[in-house]
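Worksheet: the structure to be examined is printed underneath.
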Amino acid sequence: MNIGQASAASGLSAKMIRHYEQTGLIREPARTAANYRAYAENDVHRLRFIRRARRLGFSVADIRELLGLWQNKSRSSAAVKKIAGRHIDELTRKIVELQSMADTLQHLTRHCHGDHRPDCPILDDLAKD
């Protein structure tokens, strides 16, 4: 199948497919006589794996590791679990950061009159050193 068909089948844009080729997450596909990319079903399966991993927030480096483990039938599930656990820790840290930012902004907006007066605690806070 060509890149448009692979895009439709995988749910990824052609641009992202080319990007994943450049980063080495997928191998460069065979080419037709007219030099068009020709993707096989296993290429599309790999692209779907990548799409799902990206939707879960895994980094390109983690996806590269996961792809290697997925292809390695003698892998240990502990290796996969370790990558997922690291990612959970990172997501948890980000959630805490985002919640703190939201709490700060909620506090500031509660104290902003939001009227015609020029004084604004939001701007005052942003201007702090």
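A 1.4 Å probe run over the range 85-129, with the rest of the protein chains in place, finds 88 Å² accessible per residue. Ignoring ligands, DNA and RNA, please state the percent of accessible area on the range 1-64 from carbon and sulfur, probe 1.4 Å. In the range 1-64, the share of accessible area belonging to carbon and sulfur is 52 percent.
Can you give the calculated 222 nm mean residue ellipticity of the chain, where each DSSP H run of n ≥ 4 adds -39,500 (n - 2.57) and the sum is split over every residue, rounded to the nearest 500 deg cm²/dmol? Can you show the working numbers first?
Values: 6 runs with 85 residues, N = 129.
Helices in the chain give a 222 nm mean residue ellipticity of -21500 deg cm²/dmol.
For the peptides 59-69, 22-32, the ranking by mean Cβ contacts within 10 Å, running from highest to lowest, is 59-69, 22-32. Estimated at 0.36 nm per residue, the fully extended path between Ala40 and Gln71 surpasses their Cα-Cα distance by 9.5 nm. Number of Lys-Lys pairs in the chain with C-alpha atoms under 25 Å apart and a separation of 8 or more places or on different chains: 5.
The values are calculated or read from the model by the stated rules, or taken from the named source; none is laboratory data. The structure displayed is predicted, hence computed values, not measured ones. Glycine gets a Cβ as well: all are built from the backbone with ideal geometry, and neighbour counts include every protein chain shown. Ligands, DNA and RNA are stripped out before the accessible areas are found, and what is left, the full protein with its side chains, is counted by its heavy atoms. Shrake-Rupley method; radii C 1.70, N 1.55, O 1.52, S 1.80 Å.
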